[in-house]
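Accompanying notes for the structure given below.
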Amino acid sequence: QVHLVESGGGLVRPGASLTLSCAASNDWQIGWFRQSPGAEREFLAAVSRSGRRSSSRDSVKGRFTASRDRTKAYLQMNDLRPEDTGVYYCAARFERWDSVGADQTEYPNWGQGTQVTVSA
């Protein structure tokens, strides 16, 4: 029920910053996920429907931050590393409360992904 379009990916050098955008058709809760080469898709960060709450996995805490401005969500990434290379997805799910979630199986709506490559 939610259409999502990611943008902002590209090729960057290690240590660089990059912000991904996710244009959504409504204000459902947004999660960010990444699928790296040879690995399963994993949760990165999420922002609640209101934008007042956010979360991130421990491995990217301090570097990645999810936020939103109404129906447009963002993933700010700092100090990028080669292991951050992968396809980044935004996903949406309805939540009655202003919560955040890390379980990708609970997100029914997904964008097409945007490629991020970190290389020297």
* Would you kindly derive the ³J(HN,Hα) couplings of the stretch 96-102 from the backbone phi angles with the Karplus curve 6.51 cos²θ - 1.76 cosθ + 1.60 (θ = phi - 60°), listing them in order in whole Hz, with x for Gly and Pro? => 5, 9, 7, 10, 10, x, 10
* **Q112 paired with E40, simple spin-label distance in nm, labels 7 Å along Cα-to-beta-carbon** => 2.7
* Set Lys and Arg Cβ to +1 and Asp and Glu Cβ to -1, take the dipole of the stretch 32-120 about its Cα centre, and tell me which of L80, G101, T117 lies farthest positive. => G101
* Structure fact -> For 88-94, 62-68, ranked highest to lowest by mean beta-carbon neighbours within 10 Å, the order is 88-94, 62-68
* **Per residue, in Å², the accessible surface of the chain once ligands and nucleic acids are set aside, probe 1.4 Å** => 51
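Just want to confirm a number: the relative contact order over the chain, from Cα pairs under 8 angstrom separated by 6+ residues, in percent. Provide the component values of the computation, followed by the final result.
Values: 326 pairs, mean separation 43.7, N = 120.
RCO, the chain: 36 percent.
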* In whole Hz, what ³J(HN,Hα) sequence does the stretch 113-119 give by Karplus (6.51, -1.76, 1.60; θ = phi - 60°), x for Gly and Pro? -> x, 9, 7, 10, 10, 10, 8
* **Reciprocal of mean inverse Cα separation for the stretch 81-120 (Kirkwood radius, Å)** => 12.0
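Grab the alpha carbons of the chain, take their convex hull, and tell me the volume per residue in Å³.
On the way: hull volume 10.5 nm³, N = 120.
Cα-based convex hull of the chain, divided per residue, equals 88 Å³.
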* Solvent-accessible area, 1.4 Å probe, carbon plus sulfur percent, for the stretch 41-120 -> 44
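The values are calculated or read from the model by the stated rules, or taken from the named source; none is laboratory data. As the structure is a computational prediction, the values presented were derived from the model and not from experiment. Ideal geometry is used to build each Cβ from the backbone, glycine not excepted, and the neighbour counts take in all protein chains shown. Quick note on the areas: whole protein, heavy atoms, side chains included, nothing else; ligands and nucleic acids left out. Shrake-Rupley method; radii C 1.70, N 1.55, O 1.52, S 1.80 Å.
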